[in-house]
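**Q** Pasting a structure below so you can have a look.
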């Protein structure tokens, strides 16, 4: 026996069949059997979406049962009357209560009732869209959204991480719904807290050819070819992050284990090749040569002058397969660029990095790597890193996994010194443009 469909919405195709069968004079039971639906579902569908068709005013047949005693006499008064009692045809008393199959429609002077599939479908879609706009939360869920949820979202600026954390507590929030409700001002989370996509200038007219003469074997095309031939090799991406340009300005060397989005940040006294090479050698000492060589099978970076001494890098680290993106093509190493956006929620662009210590960058890395990621099926990079770096070695890097409820990705992570430093280099307009939220005292 075929099981009847339940808890499924009617489609236009189904409604067209219902209309066609009503026109043929089929009963509701017969229609229900054909569509494998409950009889009550078909009955509700017809009743909910049937339309009244009032007779012409020229036939002098009032559609209301109160027409003889009503003191209000006007043409088509039934359109605005609140006390209307429709005078129905006796045939409509029996099922299916519509006139679709009636043979006496032409001369009938009664109010008619029709089920029309296309009109029913449009009415259903309109009601469905309106219902989707409403909030369907319990009082407890609304309290959570406007308090604890709001607080954690302010800390992380990540809807996904916040939703995942609260859903583990037994709730069933949806990221897409939360985004829509914030944009519609339906819940008490400010719209400006949402991170909007960063606008980038078009680089289509720029020359993306390599300027370095001896780059053969290290191009992005070579990188693609190497990955195809060595799919199991671990990939790292490398970049530098600037604060303020200048010879005496500190920078950050960033390294990312691509498969798990695990980010490492190291302070450089200056953005030069010498400091980059020195930091890579220090990292090799921390990780041991065996772990370092395994992690850095593939190293993809950009065309910054601080990375462009190919010969020295390859001689210092013979196991590294070094490759370069095309000029003006940071999207080719988009994984690390995405993590840089998380870093910029804490220290925005244009702020000097001189006051920060390596401990500060270890703290930032700990929080970035503790953020839940949709691409990692709800896990955070810290959950997966021990597959790449042994636990006892990882502890030497000064990073620790942060509890989901304590992850902070805003300027307050580094305390008042960070707030003061941001306000020293950026005015209110620049802070707002960077989508940095600093609460006023």
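The values are calculated or read from the model by the stated rules, or taken from the named source; none is laboratory data. Fair warning: this is a prediction, and the values are worked out from it, not measured in the lab. With ideal geometry, Cβ positions are generated from the backbone for all residues, glycine too; neighbour counts draw on all protein chains shown.
**Q** Taking residue 419 as the residue in question, decide whether it is surrounded by 13 or more Cβ atoms within 10 Å (Cβ to Cβ) and in contact (Cβ under 8 Å) with a residue 60 or more places away in the chain. Write out each step before concluding.
**A** Values: surrounded by 13 or more Cβ atoms within 10 Å (Cβ to Cβ): yes; in contact (Cβ under 8 Å) with a residue 60 or more places away in the chain: no.
Judged against the criteria, residue 419 is not a match.
**Q** Any residue at all in region 40-50 that is touching a strand residue (DSSP E or B) at 6+ places or on another chain (Cβ under 8 Å) and either farther than 21 Å from residue 86 by Cα or modelled with pLDDT of 90 or more (or both)? Spell out the reasoning first.
**A** We begin by selecting, within region 40-50, every residue touching a strand residue (DSSP E or B) at 6+ places or on another chain (Cβ under 8 Å); these are 50.
Those left that are additionally either farther than 21 Å from residue 86 by Cα or modelled with pLDDT of 90 or more (or both): 50.
Yes: one or more hits.
**Q** Moving on. Which is closer than 23 Å to residue 283 by Cα and at pLDDT 95 or above, of 353, 371? Give the derivation first.
**A** Numbers: 371 fails: closer than 23 Å to residue 283 by Cα.
Sole residue among the options that is closer than 23 Å to residue 283 by Cα and at pLDDT 95 or above: 353.
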